[in-house]
Amino acid sequence: MLKTGEYVMYSWYGACKVDGVKEEVLDSISKQYYILKPVNDEKATVMIPISNVQVRPVLSKEEAIGLLDSVNEVSVDWIDNSRLRNTRYLQILKDKDSRQLLAMLRLLLKKREELTDSGRKFSMQDTQILELTSNYLISELTVALDMERDELEEKLMAE
């Protein structure tokens, strides 16, 4: 049973704080739900049935530090063909391997900065993949490390 106040990872919402339990009645059937508040969106609320909980704990501080320390051990390459790049990066997102996600996140942050500095635009597809990756991974790391998002992104760019 999840405890109010603990953090869990849920779907693509990323890190969520358990806000409590709520009972709903639909067609005379009573069901209990966990109320989750995504870290990335203070206005959002997610209800998931207690009977079908598919969450995992947020990384511990030690695991998050280990993940950041391993950022140079895994690389994701920039693929010039946007269709192939999109397919590959979506597969990385689907796999949810934290090390690959971190490497891809770092690559996308650096590529966005490089393109912006040269007066070019970051594509809409790359922006969407960056946002999905950020919402998922950065939300977890900021909770685990008790760090602000901007501070974490700066740390990734410096490594």
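Since every read-out is calculated from the coordinates, none of them should be taken as a lab result. Worth saying up front: this structure is predicted, and the values here are computed from it rather than measured. So basically every Cβ, Gly included, is an ideal-geometry build from the backbone, and we count neighbours across all protein chains shown.
Full extension of the chain segment joining T87 with E24 gains 18.7 nm, where the gain is 0.36 nm per residue of separation less the Cα-Cα distance.
Between [x] 59, 38, 23; [y] 59, 34, 25; [z] 56, 40, 27, which entry matches Cα extents along the principal axes in Å as derived from the coordinates of this structure? Structure-derived value, by its label: [y].
Output the 0 to 90 degree angle, nearest 10, between the alpha-carbon long axis of helix 98-117 and the longest principal axis computed from the alpha carbons of the chain. The two axes meet at around 50 degrees.
A Förster distance of 35 Å, applied to the separation of the beta-carbon atoms of D41 and S118, puts the FRET efficiency at 0.65.
Report, in debye and to the nearest 20, how large the dipole of the chain comes out about its Cα centre when Lys and Arg carry +1 and Asp and Glu carry -1 on their Cβ. Don't jump to the answer; show the numbers that get you there.
Values: 22 positive and 28 negative charges, 109 e Å.
Here the chain has a charge dipole of around 520 debye.
The GluC sites (Glu not before Pro) of the stretch 1-31 meeting both criteria, a DSSP state outside H, G, I, E and B (loop) and at most 12 other C-beta atoms within 10 angstrom of the site's C-beta, are E6.
How would you rank 127-139, 62-74, highest first, on the average number of other Cβ atoms within 10 Å across their residues? Please list the in-between numbers first.
Numbers: 127-139: 18.8, 62-74: 13.8.
Top to bottom by mean Cβ count within 10 Å: 127-139, 62-74.
Summarising the label geometry, the points placed 7 Å from Cα in the beta-carbon direction at D77 and N52 lie 4.1 nm from one another.
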